[in-house]
Amino acid sequence: MRAASNTDWMIPATARARHRRLVFTAAVAVALLGVASGCSSDDSPTAASAGSGASAANATASRTSACRPVPAAGPAFDWFPADLPLPAGTYPTEDVSASGASSSASDSDSHRGFLVVPGSVTDFSAFIAREWTGAGWTMGKGDAERGEAEGGFRKGDFGGVYRVRDVYCDPKFSELLLAYGKGATDSQ
């Protein structure tokens, strides 16, 4: 038996059914609005539309409005080690050695620079795991998260650290910050 405070019996069955359909329709509309708002509204391609295959699948699925255009090439780094391979198509954009040197290291001991590398963060990580170790460089443990990877490398008395990030609006390229010098890093 129903409680006296329940007034459902006063509303005709057809009105209750109509009310349930209206609530259900509103809930579906809100859910679809949430899905649609996650879609990009700008002309920048998403990783899913940029191409097919493993590279496109490994690219960041959604780029934020904070992405930057891919910068133009800058002058070559005269300090870059000749035996440290980079993916074909990589180019330097900015040498920040002078502004980034710590007070305990002179400009000739430690260098930093930004480069553009073709491919995703995952592509670059796979490349260095294969090519840098193959060229005799020892890799540190490193760390990775969505859209970013970082780690250290060493060969003899020289070494460095890298950070590759997914910051460009064009998902076919990634930003690489590389620091290199004598005793620059411990490979552990």
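The values are calculated or read from the model by the stated rules, or taken from the named source; none is laboratory data. None of the values given here were measured: they were computed from a predicted structure. So basically every Cβ, Gly included, is an ideal-geometry build from the backbone, and we count neighbours across all protein chains shown.
Tell me yes or no: at least one residue of region 92-105 is among the small types (Gly, Ala, Ser), on the phi < 0 side of the Ramachandran plot, assigned by TED's automatic domain parsing to the domain that holds Ser174 and at pLDDT 95 or above. Please lay out each step first, then the result.
In the first step, residues of region 92-105 are kept if they are among the small types (Gly, Ala, Ser); the result is 97-105.
Next, from what is left, pick out any that are on the phi < 0 side of the Ramachandran plot: 97-105.
Filter again for assigned by TED's automatic domain parsing to the domain that holds Ser174, leaving 97-105.
Filter once more, keeping what is at pLDDT 95 or above: none.
No, region 92-105 contains no residue that is among the small types (Gly, Ala, Ser), on the phi < 0 side of the Ramachandran plot, assigned by TED's automatic domain parsing to the domain that holds Ser174 and at pLDDT 95 or above.
Applying the set (1) assigned to a helix (DSSP H, G or I); (2) modelled with pLDDT of 95 or more to Val117 leaves exactly one unmet item: (1).
Of all the residues in region 156-185, those that are among the aliphatic types (A, V, I, L, M) and either touching an Asp or Glu at 6+ places or on another chain (Cβ under 9 Å) or more than 20 Å from His111 (Cβ to Cβ) (or both) number 5.
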